[in-house]
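The values are calculated or read from the model by the stated rules, or taken from the named source; none is laboratory data. Bear in mind the structure is a predicted one, so any value in this text is a computation, not a measurement. Note that each Cβ is placed from the backbone with ideal geometry, even for glycine, and that neighbours are counted across all protein chains shown.
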Amino acid sequence: MTVRVRVAPSPTGHLHVGTARAALFNWLYARHHGGTFILRIDDTDRERSTVMFEEDILDSLRWLGLDWGEGIGVGGPHGDYRQSSRYDRYQQAAAVLVASGAAYYDNRSPDDLEALRRRAEEEHLHPGHYIRRPGSVGTEGAIRLSVPQDQPVVFEDLVRGEISFEARDIDDFVILRSDGTPTYHLASTVDDVDYEITHVARGEDLLPSTPKHILLTRALGASEPRYAHLPLLFGTDGKKLSKRHGALSLVTYRDEGYLPDAVFNYLSLLGWSIDGDRTVFTRDEAIAVFDLIDVSRNPAVFDPDKLAWMNGEYIRAMDPSEFRSVARPYVESAVGHPVDDVEWARFDAVADLVQERTRLLPEAGEQVVFLFEDFEDYDRAAWDKVMVKDGVLGILTTAQERLASVETWEAADIEAALRGMLEEMGLGAAKGLQPLRVAVTGSSVSPPLFESMAALGKERTLERVERAQRELAS
RNA sequence: GGUCCCGUCGUCCAGUGGCCUAGGACGCCGGCCUUUCAAGCCGGAAACGCCGGUUCGAAUCCGGUCGGGACUGCCA
């Protein structure tokens with residue numbers, strides 16, 4: 001049996017990290033088994049669905065590298081893979097179920113239904129307990145599935161093991177609304193049957209719906225797929241991942257300078273592990289051993305700190321030339337204007353040093369702004385801590401002389417000149433160099449000083465050392 | 001309230017009866033290196049929710065208990 005899995009987002013918002021993680025596991029499973037990963041768009045909610053979100057979802061999935069072999073955009077034997085184009089199919093399926101007696105029209109009023117729910121509530125029963133086939137069956141209203149009461153629904157969840165629901169706890173749920181549109185349960189189940197989905201791996205929030213889907217599938221004359229209910233994702237405060245936790249849509253990560261490989265790697269670790277001691281690994285390594293049966297049952301907390309660390313790992317592992325081109329837009333953004341190729345040489349000179357100091361791409365820009373723009377003010381704390389000290393003016397004036405006499409303006413020569421100065425003045429490197437760092441970069445934190453000066457150029461470096469002397473004197 | 005799910009360091013995972021004086025990773029603390037910051041290296045604090053039972057032996061099996069979560073719609 002060829003594995004066929006799917007991810008079926010609703011285009012009512014950006015692709016959520018939880019959905020992305022579910023997509024990722026499905027993708028890994030398909031890849032591992034040489035199966036097909038299908039992308040379907042569940043847009044039955046016509047009110048909230050938009051083409052903009054649909055595009056965003058496709059972009060996010062592509063960005064993460066989760067390519068699908070069948071479905072929206074790439075086609076396949078089942079139409080355009082949007083549920084909105086299959087209403088006639090769902091209506092036909094519902095009609096067949098009514099004809100076979102598996103489903104029935106329900107024209108009871110909302111008030112009647114509410115009364116039944118209240119009654120169940122008062123008797124401490126499942127809320128849907130009394131919502132069952134009424135005595136008389138009409139030919140209009142919503143269509144409900146008639147849930148067989150003779151046996152429980154039992155299934156073997158790939159991650160959770162055997163799960164069982166008593167029939168009396170499953171209400172006769174609506175499959176087709178009175179306006180003729182399908183509910184999620186019907187559309188999703190019919191599609192899974194028609195598309196011959198073999199494994200449904202989705203969030204644990206759908207676990208209580210699973211017996212309904214199984215019953216529907218059987219009523220449709222098909223046999224159900226294997227299910228795997230993935231643990232939910234939570235925020236660092238232990239609460240359900242929500243907007244308060246900042247980025248929950250994948251595009252945000254792309255826009256904030258995360259690398260898709262890093263996000264992929266991190267997401268794969270939420271509820272799964274490749275082995276006991278590796279946390280950084282390639283897609284292929286994951287594909288080689290991934291199995292849904294190994295997915296954890298525990299909910300996972302999404303940790304932005306670990307993701308950032310992971311991103312740093314991937315940035316450091318990048319090819320230097322790739323880092324240069326990837327970082328460029330972030331540098332230009334931080335500088336505030338495009339940087340031409342001549343000016344770009346300044347970044348080039350320190351790129352390797354910046355690369356190992358970068359976790360998130362925007363940081364690469366922040367570190368080198370001083371190479372392109374004169375800073376307005378010195379970092380206040382740095383100035384107070386480093387510059388307001390006896391002897392600093394002397395260090396600056398002496399350095400000024402030494403630097404002025406450096407002939408070939410390269411890091412090694414600059415270092416030689418400054419080291420000579422330190423020795424003569426009897427200063428330690430930390431003490432003697434920090435004032436120069438503040439003078440040249442405006443901050444007490446920067447890429448290594450000699451290389452920074454070399455990248456900045458002799459003229460600008462001397463200007464800044466001079467400026468610091470003036471500021472100190474005043 | 002009802003149904004279902006879950007319970008190993010703060011967090012993510014490893015662990016499927018003895019290899020566990022519980023391992024790795026992030027984070028945290030300390031040290032080394034060092035021109036700052038990173039990176040790297042070394043070291044440290046940090047967990048089997050609780051109570052019973054089974055067993056020669058339990059993080060691992062069973063029961064209970066407590067705690068957390070999801071669902072409970074003519075949303076998905």
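Check A:GLY457, A:GLY428, A:GLY420 and return the single one that is modelled with pLDDT under 95 and either touching a Lys or Arg at 6+ places or on another chain (Cβ under 6 Å) or not hydroxyl-bearing (Ser, Thr, Tyr) (or both).
Values: A:GLY457 fails: modelled with pLDDT under 95; A:GLY420 fails: modelled with pLDDT under 95.
Going through A:GLY457, A:GLY428, A:GLY420 in turn, just one is modelled with pLDDT under 95 and either touching a Lys or Arg at 6+ places or on another chain (Cβ under 6 Å) or not hydroxyl-bearing (Ser, Thr, Tyr) (or both): A:GLY428.
Looking at region A:24-41, which of its residues are over 16 Å from A:TYR195 (Cα atoms) and either away from RNA strand B (no atom under 14 Å from the Cβ) or surrounded by fewer than 19 Cβ atoms within 10 Å (Cβ to Cβ) (or both)?
A:TRP27, A:LEU28, A:TYR29, A:ARG31, A:HIS32, A:HIS33, A:GLY34, listed by residue number.
Which of the residues spanning region A:158-184 are within 8 Å of RNA strand B (Cβ to nearest atom) and at positive phi?
The one that is within 8 Å of RNA strand B (Cβ to nearest atom) and at positive phi: A:GLY161.
Across region A:418-442, which residue is nearest to RNA strand B (Cβ to nearest atom) among those that are among the small types (Gly, Ala, Ser) and buried (at least 19 other Cβ atoms within 10 Å of the Cβ)?
A:GLY432
Would you say A:ILE175 is in contact with a Pro (Cβ under 8 Å, 6 or more places away or on another chain), touching a residue at least 40 places away in the same chain (Cβ under 8 Å), buried (at least 16 other Cβ atoms within 10 Å of the Cβ) and under 30 Å from A:ASP80 (Cα atoms)?
Considered against the rule, which asks whether it is in contact with a Pro (Cβ under 8 Å, 6 or more places away or on another chain), touching a residue at least 40 places away in the same chain (Cβ under 8 Å), buried (at least 16 other Cβ atoms within 10 Å of the Cβ) and under 30 Å from A:ASP80 (Cα atoms), A:ILE175 comes out as yes.
State all residues of region A:447-463 that are surrounded by fewer than 21 Cβ atoms within 10 Å (Cβ to Cβ) and either among the hydroxyl-bearing types (Ser, Thr, Tyr) or in contact with a helix residue (DSSP H, G or I) (Cβ under 7 Å, 6 or more places away or on another chain) (or both); if no residue qualifies, say none. Let's see the steps before the verdict.
Keep residues of region A:447-463 that are surrounded by fewer than 21 Cβ atoms within 10 Å (Cβ to Cβ), which gives A:448-451, A:457-460, A:462-463.
A:PRO448, A:LEU449, A:PHE450, A:GLU451, A:LEU462 - these are the residues of region A:447-463 that are surrounded by fewer than 21 Cβ atoms within 10 Å (Cβ to Cβ) and either among the hydroxyl-bearing types (Ser, Thr, Tyr) or in contact with a helix residue (DSSP H, G or I) (Cβ under 7 Å, 6 or more places away or on another chain) (or both).
Mind checking whether some residue in region A:185-202 is at pLDDT below 95, surrounded by 14 or more Cβ atoms within 10 Å (Cβ to Cβ) and either more than 10 Å from RNA strand B (Cβ to nearest atom) or under 26 Å from A:THR12 (Cα atoms) (or both)? Please lay out each step first, then the result.
Initially, region A:185-202 is screened for residues at pLDDT below 95, giving none.
No, region A:185-202 has no match at all.
Only strands (runs of 3 or more DSSP E) wholly contained in region A:1-119 count here; list those with 1 or more residues that are over 29 Å from the mean Cα position of the chain (by Cα) and under 28 Å from A:ALA219 (Cβ atoms).
Fully inside region A:1-119 and qualifying: A:103-106.
Please name all residue pairs, on different chains or six or more residues apart, with Cβ atoms under 8 Å, provided the first residue is in region A:330-351 and is closer than 13 Å to A:GLU451 by Cα and assigned to a helix (DSSP H, G or I) and the second residue is among the basic types (Lys, Arg) and at pLDDT 95 or above.
Between residues of region A:330-351 that are closer than 13 Å to A:GLU451 by Cα and assigned to a helix (DSSP H, G or I) and residues that are among the basic types (Lys, Arg) and at pLDDT 95 or above, the close pairs are A:PHE347/A:ARG324; A:PHE347/A:ARG328; A:ASP348/A:ARG324; A:ALA351/A:ARG324.
Go through region A:235-274 and give me each residue that's on the phi > 0 side of the Ramachandran plot and at pLDDT 90 or above.
A:GLY257, A:GLY271
Just for strands (runs of 3 or more DSSP E) wholly inside region A:138-235: which have at least 1 residues that are of a type in the set (Lys, Arg)?
A:142-145, A:199-203, A:226-230
Give the residues of region A:356-370 that are touching a residue at least 40 places away in the same chain (Cβ under 8 Å), crowded, with 20+ Cβ neighbours inside 10 Å and touching a Pro at 6+ places or on another chain (Cβ under 9 Å), sorted by residue number.
Passing the criteria: A:LEU361, A:GLN367, A:VAL368.
Taking region A:263-303 as the search range and keeping residues that are more than 9 Å from RNA strand B (Cβ to nearest atom) and within 10 Å of the chain's Cα centre (by Cα), which one is farthest from A:TYR227 (Cα to Cα)?
A:VAL263
Determine which member of the set A:PRO134, A:PRO152, A:PRO182 is over 29 Å from A:ASN298 (Cβ atoms) and surrounded by fewer than 18 Cβ atoms within 10 Å (Cβ to Cβ).
The match here is A:PRO134.
Exactly one condition in (1) aliphatic (A, V, I, L, M); (2) under 19 Å from A:TYR258 (Cβ atoms); (3) within 16 Å of RNA strand B (Cβ to nearest atom) is not met by A:LEU64; state its number.
The one condition A:LEU64 does not meet is (3).
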